[in-house]
Structure formats: C-alpha cells, structure tokens
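Everything below concerns the one structure shown next.
The values are calculated or read from the model by the stated rules, or taken from the named source; none is laboratory data. Since the structure is predicted, the reported quantities are computational estimates derived from the model, not experimental observations. No Cβ is skipped: glycine too gets one built from the backbone with ideal geometry, and neighbour counts run over all protein chains shown.
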C-alpha cells in the first residue's frame, strides 16, 4: 500500500516558489517604461531632430568656407558632423533629469525606492533608455550627412561602433543629469543649471574645432570633458579618413570610467530626491 504521505491532501496544491526578477530583468523593466514614454510622444523625437539638421545645413555650410580650421584633410562638414551628433546626444541627455524631478513630484520615485529593485538598477535602466533616445539622433545625423555627400564609413563595424558610442555617451550625460536633479530637486533650478552646463561642455570639446586650436587652459578642461572622447570616437568611426587623437580603446575606456563613476554617485544620491 502506498504511504499516505505520498498522496496529496484534498484542497491543497503544490506551490512553486516565485523567483525574484534578476538584476538584468530589473534594469530592463525600468528602461522599457522609459522607452514607452518616448514612443507615446513622437513630437519630442521630431523636435530633437530639427536642431542637428539646422547646425549642419547652416552653421556647417558657413564655416566650411573658412580655411583656417585644421581638420586633418577632412572637409569641415565631415569634421563637424560627428560633433553635431555628439551635441545632439548631450543636449538631449543633459535635460533627462527634468523627467526624474517630475516623477518625484508625482510620487513615482517614492514607489520605485520602496521596491526591491536595487538603486543602481534604477539608475542604469534610466541611462539605457536615454541611450535608445540617442539612437534616433544618430539616424537623423547619418541621413543628413549622407544627403550632404559627406564621406561616411558605412560598413557594419563602424556603424555599430558609432551606435555603441551614442548609447554610452547618452548614458553618461543622462546619469550626470540625474546627479544634478538629486542635488537641486526642483525643475526651475534644474533648468538654470542645465543651461549653464550645456554650452561650456559643448565648446570645451573637439566637436566643432580641433584641440590644437584651443589655448592651453582650455585644453586642460577639454581633457576632463567626456564629450571630447565621445566626439573623437564618433569621428574616427563615422568619417572616412578621420584619425583618432586619443585612440579608440582610450576613448571608450575613459567614457566607461565616467559612466561607472556617475552611476555610483547617482545611486548614492538617488534617495535625496524624496528627502
């Protein structure tokens, strides 16, 4: 006779243990929410695409007439196109913190902070979503540069390298934006700080002129500006005949270090939003 202990009792059912989502799944969940916000508001995508087109069509055409800017044998438009893509990434990501402050005002951040997800997963998830937004800018700049007959590197390796640089650059500046949001905590203050930071970051880089043209003190600032390394990586990968100043391994290594440091700072400061 079979042991009664082997027979399930009436009214009972075996319960399988519920597995907690992995760290990667938690990051994906946060990124997916942010992506759907962008997808529901296509007007933002359109408005973000206008600025790089205007820079290339107007600023690039005018300054392309100058002969005093050493571009290493490239046309000025070709030299400038990766810088404008980097600018688009910067301008889009640096104001990412406004949405975070809005979430704080709506009580969303409170719910996220009491969830079992680690704070670093919340930060990285938002950074990845910003990187996806940056890919839209890359498509717009590539199309505009192609129509302007700029000599692009269109093989798969170089395109994937540019897209990786866009994602990493967007993640860096959106995380930096999150740090600012955690410190200022209000949209009005954030707008002021963001506007103060964007233009110095842009002009203290090699986006629209080479480092060799800068005075010595500005070269020092450019060396600690992550946008400089983003531009150098993009220009090397995107433009046919472009030479890297720092070297691609150095560019991606420096950007990775910036991202890791910013994630650590943002993770530590994130709870300050609700205090």
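At a glance:
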| item | result |
| --- | --- |
| Any hit, the stretch 60-76, residues being within 20 Å of residue 227 (Cα to Cα), part of a helix (DSSP H, G or I) and modelled with pLDDT of 75 or more | yes |
| Some residue of the stretch 181-201 being loosely packed, with under 14 Cβ neighbours inside 10 Å and either touching a strand residue (DSSP E or B) at 6+ places or on another chain (Cβ under 8 Å) or closer than 17 Å to residue 80 by Cα (or both) | yes |
| Number of the condition not met by residue 272 [criteria: (1) touching a residue at least 40 places away in the same chain (Cβ under 8 Å); (2) under 23 Å from residue 164 (Cβ atoms)] | (2) |
| So residue 192, is it in contact (Cβ under 8 Å) with a residue 12 or more places away in the chain and assigned to a helix (DSSP H, G or I) | no |
| Qualifying residue in the stretch 138-147 (condition: modelled with pLDDT of 85 or more, crowded, with 20+ Cβ neighbours inside 10 Å, in contact with a strand residue (DSSP E or B) (Cβ under 8 Å, 6 or more places away or on another chain) and at negative phi) | yes |
| Residues of the stretch 208-232 classified as crowded, with 16+ Cβ neighbours inside 10 Å, outside any helix (DSSP H, G or I) and modelled with pLDDT of 90 or more, total | 1 |
| Flag for residue 244 being more than 23 Å from residue 178 (Cα to Cα), without any contact (Cβ under 8 Å) to a residue 40 or more places away in the chain and not in a helix (DSSP H, G or I) | yes |
| Failed criterion for residue 55 (all others in (1) surrounded by fewer than 15 Cβ atoms within 10 Å (Cβ to Cβ); (2) modelled with pLDDT of 70 or more hold) | (1) |
| Residue within the stretch 110-122 that is buried (at least 19 other Cβ atoms within 10 Å of the Cβ) and in contact with a strand residue (DSSP E or B) (Cβ under 6 Å, 6 or more places away or on another chain) present | no |
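Each row is one residue, and each column tells you yes or no for (1) in contact with a helix residue (DSSP H, G or I) (Cβ under 6 Å, 6 or more places away or on another chain); (2) surrounded by fewer than 19 Cβ atoms within 10 Å (Cβ to Cβ); (3) under 16 Å from residue 52 (Cβ atoms).
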| site | (1), (2), (3) |
| --- | --- |
| 83 | yes, no, yes |
| 94 | yes, no, yes |
| 101 | yes, no, no |
| 106 | no, yes, no |
| 125 | yes, no, no |
| 132 | yes, yes, no |
| 149 | no, yes, no |
